[in-house]
Structure formats: C-alpha cells, structure tokens
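Student: Got a structure here, written out as structure tokens. Questions coming.
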Amino acid sequence: MIPRVTATIDLAAIRNNLAVIRRLAPKSRVMAAVKADAYGHGAVAVARTLEAASVDALAVACLEEAMTLRQAHIQAPIALLEGVISIEEAALAVYERLQVVVHDHWQIALLEQLPQTARLSLWFKLDSGMHRLGFPLSDVPRLAEVLRRHPGWQFEGWMTHLACADEPDNPFTATQIEAFDTALRGVPGHRSIANSAGIIGWPQARVDWVRPGLAIYGCSPMPDADARSLGLQPAMRLEARVLAVRRFAAGESIGYGRKFICTEEMPIAVASIGYADGMHRAFRDGTPVRVRNRTAVLAGRISMDMITIDVRAVPDVQVGDPVLLWGGDLPAEEVARYAGTLSYELFCGLTQRVKFRHINGAGIA
Ligand SMILES: *Cc1c(COP(=O)(O)O)cnc(C)c1O
C-alpha cells in the first residue's frame, strides 16, 4: 500500500543540526526541546538520536511527555519546562529523575511537601520580559534564600526566555539579557537564555546552557539567515501523491468556492493531502510545492483530503508522482509564510493520518 501522505524524518539531519548548534555555542551545554512530540517529528526517535549524540539534556512541556520518553528508556536528563501542577506530579518527577522548572511561589510550596530526602532537581525560571511564566527578577534574593533552606535540592540553574529573539533589529532582546545578567550578578548557579533564535542571532545569549528547538529540526527562525547558510538540514520531508491530472479551459474554476479561475488552458494536478492531514486551509494560491524537482503552485482551496495544483511548470507530471509540500529544497519556514504561519505550527499540525517513516541518512532507521 502506498501511503497517501508520508512524513520522512531523517535522523542524520537531527545529528547534523545538533553539531551545528554545538559549533555556534561551543562553550554551552545543549538542552534540546523535544516537546510536542519533537515538534511533530516523533519524540522517541528524536530523543534516542540526540541521546546517542550526547546531548546534555532534553526539554518537554509536561510530565506526560517526559513519561513517554522514560518509558522508551531514554536516560538523558529531561527538564519539564512548565514544571509540575500537583504533589503527585512532583513525586513522579522526582521518581523519574526529571528536572522541574519552577516558575512561581505556589510551585515552591508544592515541592516543599515532598519528603526531605527526595532528590529533587530544579531550575528557576525568571521573567525578564516575556511576561508569560517566571518569577520577577526582583525575586532572585528570595529564591536564593529558598535554595539555602533546601540544601538537599539539586539546583540546575536560572532560566529565562526571550520574546523577540527572531527580530534581529529589536533592542528588546539585549534589554532582556542585560536585565537577567544584572539580577543574577554574584549569584551562583548556571544560566540559560537562548532558544534557537537566541543561539543564532544573539551571541551574548550563548551562556552555560542553550535550549534549541526549531534549529534541531533544521529550520532557521531568523528572517535574515536561511537554514542552509547556517548549515542546518531540514529533518522532515512531507510528501503526498498525484491522484489525477486534468486540463481545464480559460475561465473554468477549480474547487470549493470557485476561488481559482484558470487564466488560460492549464493542467491541474490533484494531490492526496488536505487539512485533515495538517495542510493548513490558510495556504493561498501560489503556495509552492515541488513535483519532479520543479516548482508548481497551489491553485484553489485546500479541502479535507485533497489539494489542487497548477502544474503548468511540470508538463510531464504523472499520476502517482510524489508532491513535496516541505522539506528538502523547499524549506518549511518559507512555505509557512504562504499560510501566514510558522514552520513550528506546520510541523505540530500533522495528524494521525500521516504515515511517519524515520530514516538515517540514506538507510532506514
Ligand atoms: C520551546 C522552547 C524552547 C525552544 O524554542 P525554539 O524556538 O524552538 O528554539 C526553548 N525554551 C523554552 C522555554 C521553550 O519553551
């Protein structure tokens, strides 16, 4: 059976991308974000690959995601970026040797209910301007006091998150980094600031630990530095199949709402992917796809199971041909713009109907 939609994940690309990050931030330890099923790439396969490549730690959003990795025998340190929300979760986190990111005083109160002997490992998350999670910077002295009260707790360090690191001209990033540094002057403990954009765009954010996510999957978050120029390789190829090739006369319309009108006689290919697979309905006419190594463009509304493609640039297109939606020489970050979104959302939006295949360079993983 030929799958209608295949997401091929190249684990060799993941390894390459980790090496690129290490070269960019040679003095930093790397905590790779594998939350949201490794940005839709398959958390267990990606985590195994990163662990074998000696990543220093992994990061997930929540306990369930960490448990999935522990049940697959991933031994690497794993940080829970949103921390824990109950004493049961806190106890499980300790049992599974997870690092708890603590962002509020109520979480400290929760952790203080653990047995004295519990080998708790924790980060403190500081809010340097993102204003989502985190303690205000003015809480640092109080937090240092909490650590002194709990000598049995293993303190991993101080973390903050950047709001605009993907905007090279935005001065707010430097403001955040300076505020974080200033609040922690003379305070012991490791520091961690940078996500992918912070690592690529802001050398002063490459401190004790870096936390790449998107770059591990081979995308650049920066508008002024494409992935290829950074040495990043896209890990995911998303492909559908041509189901039909039809010809229509000038003036004929294609698909729902008659949104696309043929300007001349033209061939239209119908391919086997729709919004039920994760192909955003917001993709507009002119969104590029690759067929037979040439660029063709979407024409007409995305439907649940199908797309329609203006294949004037691919006159030899055949039923059964693969249609590349993103990956390879068609970066997801570029395609995402045609739907007014980011590659992050494209990756995370793939659904159960997509057939995942993990490979290792040329071979099957
Ligand atoms: C997801 C996440 C990251 C990774 O972000 P990217 O932009 O994908 O590199 C880093 N830090 C935190 C706190 C995150 O939630």
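The values are calculated or read from the model by the stated rules, or taken from the named source; none is laboratory data. If you're wondering where the values come from, they're calculated on a predicted model, not measured in any experiment. Note that each Cβ is placed from the backbone with ideal geometry, even for glycine, and that neighbours are counted across all protein chains shown.
Student: If you check M222 against the conditions, is it within 15 Å of the ligand (Cβ to nearest atom), touching a residue at least 12 places away in the same chain (Cβ under 8 Å) and in contact with a strand residue (DSSP E or B) (Cβ under 7 Å, 6 or more places away or on another chain)?
Tutor: So M222 does not fit the description; no.
Student: Given S192, S253, which one is within 14 Å of the ligand (Cβ to nearest atom) and farther than 20 Å from V323 by Cα? Write out each step before concluding.
Tutor: Numbers: S253 fails: within 14 Å of the ligand (Cβ to nearest atom).
Being within 14 Å of the ligand (Cβ to nearest atom) and farther than 20 Å from V323 by Cα holds for just one of S192, S253, which is S192.
Student: Among the residues of segment 123-156, how many are part of a strand (DSSP E or B) and touching a Phe, Trp or Tyr at 6+ places or on another chain (Cβ under 6 Å)?
Tutor: 3
Student: Determine the pairs where a residue that is assigned by TED's automatic domain parsing to the domain that holds W209, located within segment 159-170, has a partner that is surrounded by fewer than 16 Cβ atoms within 10 Å (Cβ to Cβ) with Cβ atoms under 6 Å apart, the partner being 6 or more residues away or on another chain.
Tutor: Short answer, once both residue conditions are applied: C164/N170; C164/F172; P168/D224.
Student: For the structure I just gave you, tell me whether G251 is in contact with a strand residue (DSSP E or B) (Cβ under 8 Å, 6 or more places away or on another chain), farther than 20 Å from A59 by Cα and not aliphatic (A, V, I, L, M).
Tutor: Values: in contact with a strand residue (DSSP E or B) (Cβ under 8 Å, 6 or more places away or on another chain): yes; farther than 20 Å from A59 by Cα: yes; not aliphatic (A, V, I, L, M): yes.
Yes: the conditions hold for G251.
Student: Name the residues in segment 279-314 that are touching a strand residue (DSSP E or B) at 6+ places or on another chain (Cβ under 8 Å) and within 20 Å of S343 (Cβ to Cβ), would you?
Tutor: M279, F283, R284, G286, T287, P288, V289, R290, T295, V297, L298, I307
Student: Could you check segment 1-47 and list, in sequence order, the residues that are among the β-branched types (V, I, T) and assigned to a helix (DSSP H, G or I)?
Tutor: Scanning segment 1-47 gives I14, V20, I21, V44, V46.
Student: Pull up segment 53-75, narrow it to residues that are away from the ligand (no atom under 16 Å from the Cβ) and touching a residue at least 12 places away in the same chain (Cβ under 8 Å), then point me to the one that is surrounded by the fewest Cβ atoms within 10 Å (Cβ to Cβ).
Tutor: Residue satisfying both the conditions and the ranking: Q75.
Student: Okay, moving on. Take the conditions within 13 Å of the ligand (Cβ to nearest atom), of a type in the set (A, V, I, L, M, F, W, C) and at pLDDT 95 or above and apply them to I21. Does it pass?
Tutor: Considered against the rule, which asks whether it is within 13 Å of the ligand (Cβ to nearest atom), of a type in the set (A, V, I, L, M, F, W, C) and at pLDDT 95 or above, I21 comes out as yes.
Student: Of the conditions (1) out of contact with any Asp or Glu (no Cβ under 7 Å at 6 or more places or on another chain); (2) more than 10 Å from the ligand (Cβ to nearest atom); (3) within 27 Å of M159 (Cα to Cα), P212 clears all except one; give me its number.
Tutor: All conditions pass for P212, except number (2).
Student: Turning to a different aspect of this structure: Given the structure, is L50 assigned to a helix (DSSP H, G or I) and buried (at least 21 other Cβ atoms within 10 Å of the Cβ)?
Tutor: So L50 passes the test.
Student: Surrounded by 24 or more Cβ atoms within 10 Å (Cβ to Cβ) and in the same structural domain as S343 (by TED's automatic domain parsing): which single residue out of A197, A205, A250, A271 fits that description?
Tutor: On inspection, the qualifying residue turns out to be A271.
Student: I'm checking my understanding of the structure. Among residues of segment 324-355 that are in contact with a Ser or Thr (Cβ under 8 Å, 6 or more places away or on another chain), in contact (Cβ under 8 Å) with a residue 60 or more places away in the chain and outside any loop (DSSP other than H, G, I, E, B), which one is surrounded by the fewest Cβ atoms within 10 Å (Cβ to Cβ)?
Tutor: K355
Student: Going by the structure shown, is V44 more than 25 Å from I14 (Cα to Cα) and among the aliphatic types (A, V, I, L, M)?
Tutor: No: the conditions fail for V44.
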